[in-house]
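Contents: one structure, followed by commentary.
Just so it is clear, none of the values below were taken in a lab; they were calculated from the coordinates. Note that this is a predicted model, so its numbers are computed, not measured. Here the Cβ positions follow ideal geometry from the backbone for every residue, glycine too, while neighbour counts run over all protein chains shown.
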Amino acid sequence: MSDLAIELHWQRTSPSLTAGAYSTAHEIEFNRHFSLTADAAPDWGGDPANTNPEQALAAALSSCHMMTFLALAAKAGWPVAAYHDRAVAHLGKNPRGQMSVTRIDLHPVVRFDTGFTPDPAEMDKMQDRAHRYCFIANTLSDSVEINIL
C-alpha cells in the first residue's frame with residue numbers, strides 16, 4: 001500500500017514558548033509542490049484567515065467522498081457534469097469528555113448532463129456506496145452525515 005506524506009514547518013516567533021502567548025500558525029507542504037498556512041481553529045486562538053486541522057479533515061473527507069462517487073458514477077454510466085459540496089466539521093466533546101470533531105456533515109450537490117436525472121432512491125444508494133468505499137470515511141467511522149440536496 002501507499003505511504004502518503006506532508007511536510008510541516010513551525011517556528012516560534014515570540015521570545016519564549018509561553019502558554020497562550022505564541023503563534024500556532026505553521027506551513028504544510030504537499031508533494032514539495034505547494035503549501036498552505038494552517039493554524040488553530042479561531043475559537044482556540046487561530047487566525048481565521050488560515051485553514052485549521054478540523055477544516056482540513058472535512059476537506060479530506062469531502063474530496064475522498066467526491067472521488068469515490070465519481071468513480072462509482074462512471075462505472076454506472078451516470079453523466080456527472082458538476083459536483084459541489086459544503087463540508088462542515090462539528091467540534092464538541094466525545095463520550096470520554098475530550099474535545100473532538102464529533103461529526104462531519106457533507107452536503108453534496110450533483111449536476112448531470114441534460115436529460116439525465118437519477119431516481120432519488122438510486123442517488124441515496126450511490127451516495128451511501130461512496131461513503132462506504134471512501135478511505136477517509138472508513139478511517140473516521142460513524143461520525144459522517146451525508147445530506148443530499
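List of remarks:
- Volume in Å³ per residue [convex hull over Cα atoms, computed for the chain]: 159 Å³
- Among beta bridges that DSSP assigns inside the range 53-146, antiparallel share in %, nearest 5: 75 percent
- Summarising the overall dimensions of the range 16-94 from its C-alpha atoms, the Rg and Dmax are 17.2, 59 angstrom.
- The amide H of residue 50, built 1.01 Å from its N in the peptide plane, has no neighbour under 5 Å, considering only residues 5 or more places off or on other chains.
- The long axis of helix 120-133 is offset from the longest Cα principal axis of the chain by roughly 40 degrees.
- Highest average first, the peptides 62-71, 82-91, 40-49, 11-20 ordered by how many other beta carbon atoms sit within 10 Å of their residues are 62-71, 82-91, 40-49, 11-20.
- Stokes-Einstein diffusion for the range 47-134, with the hydrodynamic radius set to the Kirkwood value over Cα pairs and evaluated at 20 °C in a medium of 1.002 mPa s, equals 148 µm²/s.
- Contact order for the range 53-146, expressed relative to its length and based on alpha carbon pairs under 8 Å spaced 6+ residues apart, stands at 34 percent.
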